[in-house]
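The next block holds one structure in the form of C-alpha cells; read it before the comments.
The values are calculated or read from the model by the stated rules, or taken from the named source; none is laboratory data. For clarity, every value in this text was computed on a predicted model and none was experimentally measured. Glycine gets a Cβ as well: all are built from the backbone with ideal geometry, and neighbour counts include every protein chain shown.
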Amino acid sequence: MRKRIFWNIFLSSLIAALLLGGVILLAQYRSFETLMFSELSTECMYVESGLSSASDEQAYLKDLPSSDRVTLIAADGTVLFDSSSNASTLKNHADRPEIIAAKATGEGTSSRFSETQLIKNFYYARLLPDGRILRIADSQKSVLGMLGSLLPTMLVILFAIVVISALFARYAAKTIVQPINALDLENPLGNASYDELAPLLTGMERQRREIVSRMTALSEKQREFTAVTENMREGFILLDAADRMIAINGSAAQTFGAEPAHVIGSHVLMLNRSVGLQQALEQSKKNGSGQATLIRGASTYQVLASQVTDNLSPAGTVILILDISDRVAAEQMRREFSANVSHELKTPLTSILGYAEIMRDGVAKAEDTRRFAGKIYSEAAQLMSLIEDIIRLSQLDEKTSLPEMTTVNLKEICEDVCLRLQPQAEKAGVSVNVNCSPANVRGIPKILEEIVQNLVDNAIKYNTSNGSVGVTLKLVGNRVELSVSDTGIGIPEEHLSRVFERFYRVDRSRNKQIGGTGLGLSIVKHSAETLGATVQLQSKLGIGTTVTISFPSVD
C-alpha cells in the first residue's frame, strides 16, 4: 500500500510539473509572437517615414542599421529591394499571405516554419500610399528549437522536479500510512484516525466482537471436549481423512505408551501397528464401523472404529479403545467355574449313584448296607457343603441377601470359632493358640464367622502332626489385623498367586484325603472385600502359612 501511494503521488506530481511547464512554455511563446509582430509594426512605421523623405530609396534601405530583413515590393508583387538577397533573383511575392492581406486591409502578418532550421519567420507588410508594399521580417527559433537550446537547463530542472517529487511522495506516503499502521486492531473504535476510516473501523469492531464471541464459544467447546475425553476411562483417538491423529486422550496414550504432544499429526499406525487396529480401520472405511480385539501384555482391549462423514464424503475416523480385561477374565473365570462345578458335583453324585445302584440291585450284602449308606451320607454331606459354598460365593459376588453391617466384637467371634474347632484340632494332633486383643470392626457377624472358620479350618487341615495354629488379633494404627498362622506343609511359591481362585487346589490328592470344596480361600477373599478389608498371604514350603486380614477399626 505504501509503495502504491508513493508511486501515485510521485507520478501525479511529475506529470503535473511537466504539464505546467509545457503550458507556461506555450503561453510564453504565444506572448512572444504577439510582441514580435508589434515590434515589426513599429519598425515598419519608422522605415516608411524615412523612406518618404529619402532622396535615394535604395541607398536609404541599404543603410538601415536594423538586422531585420526589409523588402520593398511593387504593386504587382515584383520585389524591388531585399536587404538579405538579390531582388532580381526572388520570385514574385504577390501570392504571399501578408502581401495579400496588406493589399486588402492596409497591413498584413504571417509566419512560416522552417523544418530544416527549426526556426519560425515572422512577416509584417504595410501598404504604402503609392501602392507599393513595405515588408519587415524577423526570425526566431520555434518551440522545438527553443526546447533544443534549453535541453541542458530543462534536464536539470526535470531532475530537480523528480527528486522533489520523490521526496514529497515518500513523505506523503509515510504520513498517510503511519496512522493506518498505528491502528490498534484490538480496539478499533479507540483509534484517532481519518474520518474516512470510521466505517471500516466500525466494521472491524463488529467483526472483532463476533470473532471474540466465537473464539470464546470455541474455547469453551474445546475445554468441554478436553474435559470429557481426558476423564474418559476409555481410550479416544480422533483421525482426519488421511488417518493422521488430530486428538488423543490420556487413556489412549497410556495404553500405547505414547506422549500425546509427540504423536499428534502422525499416522495412527505409527502409534500401533497391531493387526487388530488395522482391521478395525479397514472395516470402518468399508462398512462405516469396525471392531477388533487388541491384546497388549496382560490386558485385552476392544477397538471400536467409526467413520465420520461430511456431505457423504469421509472426513475422519473416531476410535474408542475399551479395556475389557476384567470382562475377559470374568468370562474365563465363569467357564472355569462352570467346568469346576460340573466336575465337583459329578464326583460325589457318581459315588452316590454307584452305592445306591448296588443297594437297589441287592448286590450288597446285609452287613455292607450300613457301610454303603454311610458312604452315601458322607458324599451327600460333601455335596451339600459344596452347594452352600457356591451359593455363598454367588451372594458375595452379587451382594444380595446381605444384612446391614453393624459394630461387631471380632475377639468374641475368634474365640468362639477356635473353641468350636478345638475337637477337630485335637483329633488332628494340632494345638490352637488364641492371642486376641479386644477389637471392634464394622461388619456382618455371619460373614466374619465364616472368614475365621475357613482360615482356622484350613490351618488345621493342612498342618502337620504335633503342629500348631496361631490366631492373633491386634490393633495396628487405625486398622485391626486378624492373623491366622500354621506350621503346616506350606504352599509352593508358584501357586501363591492362584490360591484364592475358585476350586484351585495345590495338591488335589491331599485335598481328596482331607476333604474340602476348594472354595474356602475364595470365600475368605470375597467376604473380606465385601467388608472393605484386605487380605495378604505369606507361605513357605515345609514351614507354614500365615493369612492376615486388615479391617478398618471402629472408634
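Things to note:
- Remark: Glu115 matches the filter, which requires a residue to be under 30 Å from Ile157 (Cα atoms) and either modelled with pLDDT of 85 or more or in the same structural domain as Pro129 (by TED's automatic domain parsing) (or both).
- From the options Ala242, Ala298, Ala252, residue that is more than 29 Å from Gln332 (Cβ to Cβ) and aliphatic (A, V, I, L, M): Ala242
- Some residue of the stretch 236-247 being assigned to a helix (DSSP H, G or I) and either in contact (Cβ under 8 Å) with a residue 12 or more places away in the chain or loosely packed, with under 13 Cβ neighbours inside 10 Å (or both): no
- Under the condition of being more than 19 Å from Leu475 (Cα to Cα), surrounded by fewer than 18 Cβ atoms within 10 Å (Cβ to Cβ), in contact with a helix residue (DSSP H, G or I) (Cβ under 9 Å, 6 or more places away or on another chain) and of a type outside the set (D, E, K, R), the residues counted in the stretch 531-555 number 2.
- When the test is whether a residue is at pLDDT 75 or above and among the aromatic types (Phe, Trp, Tyr), Tyr46 passes it.
- Listed by position, the strands (runs of 3 or more DSSP E) contained in the stretch 33-122 that have at least 2 residues being more than 15 Å from Arg135 (Cβ to Cβ) are 107-114.
- Pick from the stretch 1-24, criterion surrounded by fewer than 12 Cβ atoms within 10 Å (Cβ to Cβ) and at pLDDT below 75, ranking: farthest from Ile157 (Cα to Cα): Met1
- Search result, residues across the stretch 286-308 that are over 16 Å from Ile237 (Cα atoms) and either of a type in the set (Asp, Glu) or out of contact with any helix residue (DSSP H, G or I) (no Cβ under 8 Å at 6 or more places or on another chain) (or both): Lys286, Asn287, Gly288, Gly297
- Flag if Thr109 is under 21 Å from Phe32 (Cα atoms) and in contact (Cβ under 8 Å) with a residue 60 or more places away in the chain: yes
- Just one of (1) in a helix (DSSP H, G or I); (2) within 27 Å of Asn311 (Cα to Cα) fails for Ala253. It is (2).
- Some residue of the stretch 138-154 being outside any helix (DSSP H, G or I) and modelled with pLDDT of 80 or more: yes
- Listing of helices (runs of 4 or more DSSP H) fully contained in the stretch 438-550 that carry 3 or more residues being at pLDDT 85 or above and farther than 22 Å from Leu402 by Cβ: 445-461
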